[in-house]
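Visitor: One structure, as structure tokens, below. Some questions next.
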Amino acid sequence: IYPYIYRKINTINMKKFIYLSLTILLVSFTNGSNGISNPESICDADNPVYIADNGITIKAKEWAKTGATGTIEDIIYTVVDEEMLREMLANEKDVSTIATTKVTDMSAMFYGAETFNQAIGNWDVTKVTTVRRMFYGATSFNQDLSAWDLDAVVDCAKFSYDTPQWNIPKPVFTNCKP
């Protein structure tokens, strides 16, 4: 009877050892600073831009420099700050393929822009705090901005004033009333 008990104890200990080893192995791959729990790190570590979890918003990585470019699904996106974005708009450039993560103030961005109607629903506005008069008098604009995350916005006065043509979903504000 003793050899049978000895084998049983060894089998139990071996199962515990295997279970413990697998657990340690799994934890080491998922909890590291660049582990698999961060899908952004798997995709393309050198690409300064990526698609947010909502599958729409184009974001710039924290380390991305203004003017850097990256590719997502064969489209080249440029990382911009407020100054660069305003300059692009003044020169009537295409702003549908930019990453706006570094922009915090979009007040009067399209003020009186009577012909602007580019698709900007993929802009990252999570750090924007001011959108006062952003589309004031932008009489041609009619794009879906319902995916915009405006939780950080505290000033949205007259956000879309004098834009009766805008009938596609507008963004939802949580901290102010447009």
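Visitor: So for the stretch 131-178, averaging the separation of alpha carbon pairs under 8 Å that are six or more residues apart and normalising by length, what relative contact order in percent results?
Guide: Details: 93 pairs, mean separation 23.6, N = 48.
Relative contact order, the stretch 131-178: 49 percent.
Visitor: Suppose the chain between T97 and N167 were pulled fully straight at 0.36 nm per residue; how much longer would it get relative to their current alpha carbon spacing?
Guide: Numbers: separation 70, 0.36 × 70 = 25.20 nm, distance 2.32 nm.
Extending this stretch completely gives an extra 22.9 nm.
Visitor: In the neighborhood of Y136, defined by Cβ-to-Cβ distances under 10 Å, what is the net charge if each Lys or Arg adds +1 and each Asp or Glu adds -1?
Guide: Every neighbour counted, the sum reads +2.
Visitor: Using a simple spin-label model with points 7 Å from Cα along the Cα→Cβ vector, what separation in nm is obtained for Q118 and D74?
Guide: 2.2
Visitor: Additional query: So, with a 1.4 angstrom probe, what is the percent of accessible area on the stretch 41-136 that is carbon and sulfur?
Guide: Details: 2320 of 4970 Å².
That share works out to 47 percent.
The values are calculated or read from the model by the stated rules, or taken from the named source; none is laboratory data. Note that the coordinates shown come from a computational prediction; the quantities given were computed from them, not determined experimentally. Cβ coordinates were reconstructed from backbone atoms using ideal geometry, including for glycine residues, and neighbour counts include every protein chain displayed. For the accessible areas, the whole protein counts, side chains as well, though only heavy atoms, and no ligand, DNA or RNA atoms are used. Shrake-Rupley method; radii C 1.70, N 1.55, O 1.52, S 1.80 Å.
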